[in-house]
Structures are given as C-alpha cells and as structure tokens.
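Report on the following structure.
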Amino acid sequence: MATTDVSPAERRSRPVDGVEVLGALSPSRAGDFLTCPLLYRFRAVDRLPEQPSPHAVRGTVVHKVLEDLFDLPAAERTPERALTMLPGAWEQVLAQEPLLAELFSPVVEGGDAADLDFDAWLASCEAVLGTYFALEDPRRLEPADRELYVETVLDSRLLLRGFVDRLDVAPNGMIRVVDYKTGRSPGVGFEAKALFQMKFYALVIWRTRGVVPSVLQLVYLGNGEILRYEPDEADLLATERKVEAVWRAIRLAEETGDWRPNPGRMCSWCSHQAICPTYGGTPPPLPEREPRLPATADDPAGDVGTDEGLAELV
C-alpha cells in the first residue's frame, strides 16, 4: 500500500509568483523530523510505502463523515444521520485506496474473520462518532471552511502548507481553528507537541489573513476531551522561528546524509523497523541526488521538502 508520489498538498499547491522558495514544509513532515529524522527521510526523501493501520483508516473515514456532515441542513446533523453516512464514507475512501480492503482479510483461510473484523472496526467508527456528538452539537455550528488547504511563504522564502480540519469564523471576525483527533488526548507534559501542529496552522492563517486565531481547539475523540489554547503574536513568532530551525536541520541532514534515528515510544507504530538501525536493520541507499537547482514558481516544493498534509502524526 504505497503512498503516492504526489502528496495531497503538492496537488493543491499553487505557483508562488515572483518568489524562488527554498522548499515546502507541512506540520506533519516537520513533526516527523522532530520525532525522528530517519522517519522523515523514509517518508519525504525515499518515499517508502507504509502499511496503513485500521486506526489510521478509521481516522480518515471519521474525518470524512465530519466534513460531509456540515453539508446537511442544521436540523439533520444528528448522531443517527452521521451513522448512516459511515458506509458511504468508507466506500469513498476505499475507491481512492482499493488495497485498504486487505486490512480486513480473513485471519483463518475459509473462515469468516474478515466480516467479524470489519464489523468490529466499523463499530469502533460508530463509537468515535458518538463521542463527537457528546462534545459538540453540530446543529449549532456553521463552519466557514472544512478541510481547508492553507499556504504561505515566509520572509525566509520557506513555503508552509497544510490542511485544516475546520475553521470557524465568528460574526466579529474571531477565528477558531479546529482539528479532530481519533486518538486519545496527550498526557500531562505532552501538550506542546500536540499544539505545535495547531500553532503552525495559526501562523499560516495569521500570515495570509492578518488575524491571529483566537482559539486553537483539538478535539480528541478517543477519550472525549477537548484541548483549547489561545495563541498570541509572540507564540506565532516563536513557531515561525522553530519551523525555520527545523527546515535548516533538514537541509543539513540532506547535505551530510546524516538521517539518524531517534528511538522512542512512536517506534511501536513505525512501518520501517525492519530497515531501522535501532532494530538491527539497514536503510536503503539514499536516492541519487541531482544537482540542486533553485526552486522556482513552477516547482515550489523544492527537493526534499515535499510533504503530506493529511497525516495525524503531530
């Protein structure tokens, strides 16, 4: 189940007129590098295929339901209606990635484990949606945007881009950035990593709209908690400095070939343990590098800075 050569963000990115950008970065790819430089290399440089997990696919399907829910008249945005939308959302995701059906292959040849596994997985999707309705009443919300693609070029000529799950704009112009997570909320002391993604989005919105979002809201559907944060300009300037520092570190790793692993708790979910030195593996040779040309308006992604805006890794 290989990832495509062109990421969702690359498909949506527009030429940057008159600016030779250094490269492009999303919160997901920045988060990869902060978590493990070797993981970033495997995903952004080698572009190795990864086996999606039922949890990740559940997140994609539930996000699709929550996106489409707001196409309905307000009175119809009920838990019951959301449950009826699940099969259609699954079919849409499956149409884009047919190999996802293999996640529910029979465990015992000739048995009916596939149906049982799929039913249990679908029930977990239903449970996650039920948690959403316990936290919010979508009948009282009218989002300004859903799955909003955002991008901006910093003064350093680094292109930032990604997808925002939901953007709420109040009549007075105040902005709330909302992101759904189908996992559990972070423990005490780990909120900063979770908020980095949101501050990244807030920075892009501030640079493009001239308004600092008033609230960043992470909705954790795994355990029914909401994490809210109120940023200010100082927060976003610090985020800009951090993003640029991450990019410089990525460029240095590319120039030196030093993509060292950073073992941690995320290793348990990594698809690349077999080729990771931490587990006795050997990474493949680095792809042959072409002489680096300046990025242009027709190639805003640069070389190793391509990214994918839909992953839930930050």
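Working ranking of peptides 247-255, 37-45 by packing, defined as the average number of other Cβ atoms within 10 Å per residue, highest first, is 37-45, 247-255. Candidates 78, 101, 89 compared by Cα position along the dipole of region 54-140: farthest toward the positive end lies 78, with charges placed on Cβ. Counting only Cβ charges, +1 for Lys and Arg and -1 for Asp and Glu, the dipole size of region 160-255 around its Cα centre is about 160 debye. Taking packing as the residue-averaged number of other Cβ atoms within 10 angstrom, the listed peptides 22-29, 271-278 run from highest to lowest as 22-29, 271-278. For region 54-140, a crude dipole built from +1 on the beta carbon of Lys and Arg and -1 on the beta carbon of Asp and Glu, taken about the Cα centre, is about 440 debye to the nearest 20.
Straight-line cross-link reach from residue 242 at under 26 Å between alpha-carbon atoms covers these lysines, not counting any fewer than eight positions away in the same chain: 181, 193, 199.
Taken together, the values in this text are just the output of simple stated rules run on the coordinates, not laboratory data. All of these numbers come straight from a predicted model, not from anything done at the bench. No Cβ is skipped: glycine too gets one built from the backbone with ideal geometry, and neighbour counts run over all protein chains shown.
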